[in-house]
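Asker: Take this structure, written in structure tokens, and hold onto it; I'll ask about it next.
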Amino acid sequence: MAIIRKNDTVTVLTGKDKGKSGKVLKVFTKEHTAIVEGINFVTKHVKPRSQDKQTAGIIKKEAPIILSKVMLMCPRCNRPTKVSYTVNKDQTKSRTCKKCGEVIS
């Protein structure tokens with residue numbers, strides 16, 4: 001069970017985007033990275049591949065960021081928080097905020 005999942009809101013702890021927050025678009029569990037909306041933009045030089053579909057130029061796109069550089073935002077207290085796990089009565093785990101105790105879906 002991963003701490004950061006798709007559609008979570010995270011904030012960046014270090015780097016050029018420190019303090020910014022965004023929604024997680026995709027998580028790569030084997031590489032321990034995630035793509036966050038509006039965070040870690042890189043410029044990419046693109047060659048034209050076909051006449052109809054793609055034009056040449058310089059585009060900006062989001063690159064993966066390492067999961068240790070982001071922290072989950074609690075929806076209730078709206079602050080970055082560590083995550084603890086609680087075991088429910090039906091033996092399933094749920095993520096909870098360590099600061100306020102809110103269950104994070």
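Computed from the coordinates by the stated procedures, all read-outs in this text should not be read as laboratory data. Given the structure is predicted, the values throughout are model-derived calculations rather than measurements. Cβ sites come from the backbone with ideal geometry, for glycine too, and all protein chains shown count toward neighbours.
Asker: Hey, with R₀ at 30 Å, roughly what FRET efficiency would I66 and K98 work out to, going by the Cβ-Cβ distance, to 0.05?
Answerer: Using R0 = 30 Å, I get an efficiency of 0.90.
Asker: Using Cα-Cα distances under 8 Å and only pairs 6 or more residues apart, what relative contact order does the chain have, in percent?
Answerer: Reported relative contact order: 21 percent.
Asker: Using the Cα centre of the range 1-73 as the reference point, and only Cβ charges (+1 on K/R, -1 on D/E), how large is the resulting charge dipole? Debye, rounded to the nearest 20.
Answerer: 160
Asker: Still on this structure: Once you sort the root eigenvalues of the Cα gyration tensor of the range 1-48 as a ≥ b ≥ c, which label holds: rounded (a/c under 1.5), prolate (a/b larger than b/c) or oblate (the other case)?
Answerer: Verdict is oblate for the range 1-48.
Asker: From the phi of every residue in the range 13-19, what ³J(HN,Hα) in whole Hz does the Karplus formula 6.51 cos²θ - 1.76 cosθ + 1.60 yield, where θ is phi - 60° and glycine or proline is x?
Answerer: 8, 9, x, 5, 9, 4, x
Asker: What are the extents of the Cα atoms of the chain along their three principal axes, listed from largest to smallest and rounded to whole Å?
Answerer: 59, 30, 22
Asker: Around K69, under 10 Å between beta carbons, what's the net of Lys plus Arg minus Asp minus Glu among the other residues?
Answerer: 0
Asker: Please compute the length gained on full extension between V46 and K23, using 0.36 nm multiplied by the number of residues separating them and subtracting their Cα-Cα distance.
Answerer: 5.7 nm
Asker: Using r as the Cβ-Cβ distance of C77 and E31, and R0 as 30 Å, what FRET efficiency do you calculate, to the nearest 0.05?
Answerer: FRET efficiency, C77 to E31: 0.50.
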